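Okay, structure first, notes after.
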Amino acid sequence: MADHKGYRRDFRYHGHVAGYQSPTLIVATDGATADQQVGMGYLATNGQFGCVGQPHPRGLMGNSPSLVAELRAIYLALRRLPDDQPVTILSHSESVAQYLVMWQAGSIRLPPGYGNYRSSHHKPTLQKLVELLASRPEQYQYASVDRNSSALNEAASSLARLGLGVQQGNRSVDTAKTTALDWASQCLRGMGDAGRA
């Protein structure tokens, strides 16, 4: 049963670009991993965005760290979006979509090797995502996109890499926060006025 100790503190930045709303929310998410560090990013059409960097040793991430990173990014996004609106989740990963559909249908199978023990006794993030999707299956839809075909998905990928960079010590926290807000704002502006309030 693995757990981590003694790693640098997490970087978490969740923000909002004002002036956007959508009757059906669309959110793109992504994860980035390197050297037992993980970055996660998301951007939604209502202006909510997140950029996170954390330590996450192999014993917790399992055999597919990139898959687990994006699934964890999805949980971070969904818990900050309104719970009374339908949400479409964009992903370029077929594996991510497969797990989301399984969990929505009631499966509790987790990615191979994902550690479900925490010394803090907190519930692991993917277990919380499983429960969330199963409790509101009618609220969530999934759409597969090519990696570079969606501006929203590209922005989420950039935010994930930015979070990883902070966690690795390659970016300052202040610079990363400014950059994350700029990228989210530019992406939403570039998508046009469809989501504007």
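The values are calculated or read from the model by the stated rules, or taken from the named source; none is laboratory data. These numbers come from a predicted model, not from an experiment. Reconstructed Cβ throughout: ideal geometry from the backbone, glycine too, with neighbour counts over all protein chains shown. Please note that ligands, DNA and RNA were not included when accessible areas were found on the heavy atoms of the full protein model with its side chains. Shrake-Rupley method; radii C 1.70, N 1.55, O 1.52, S 1.80 Å.
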Next item on the list: For Pro55, indicate whether it is in contact with a Lys or Arg (Cβ under 8 Å, 6 or more places away or on another chain) and modelled with pLDDT under 95.
Entry: yes
Item checked: Considering residues of the stretch 166-185 that are in contact with a helix residue (DSSP H, G or I) (Cβ under 7 Å, 6 or more places away or on another chain) and in a helix (DSSP H, G or I) only, the residue most open to solvent (accessible area, probe 1.4 Å) -> Trp183
Checklist line | Search result, residues across the stretch 116-129 that are over 28 Å from Ser158 (Cβ atoms) and either at pLDDT 90 or above or open to solvent by less than 50 Å² (accessible area, probe 1.4 Å) (or both) | finding: Arg118, Gln127
Item checked: Selection status of Leu152, over 19 Å from Ala44 (Cβ atoms), within 17 Å of the chain's Cα centre (by Cα), in contact (Cβ under 8 Å) with a residue 12 or more places away in the chain and not in a loop (DSSP other than H, G, I, E, B) -> no
Notebook entry, point to check: Among the residues of the stretch 82-104, how many are buried (at least 17 other Cβ atoms within 10 Å of the Cβ) and either in contact (Cβ under 8 Å) with a residue 40 or more places away in the chain or under 16 Å from the mean Cα position of the chain (by Cα) (or both)?
Noted result: 9
Next item on the list: Evaluate the stretch 53-65: report whether one residue or more is surrounded by fewer than 19 Cβ atoms within 10 Å (Cβ to Cβ), farther than 23 Å from Gly190 by Cβ and within 13 Å of the chain's Cα centre (by Cα).
Entry: no
Next item on the list: Tell me which residues, restricted to the stretch 137-165, are of a type outside the set (Ser, Thr, Tyr) and open to solvent by 60 Å² or more (accessible area, probe 1.4 Å).
Entry: Glu138, Gln141, Asp146, Arg147, Asn148, Glu154, Arg161
Next item on the list: Would you be able to say whether some residue in the stretch 131-141 is hydroxyl-bearing (Ser, Thr, Tyr), within 20 Å of Gln85 (Cβ to Cβ) and modelled with pLDDT under 95?
Entry: yes
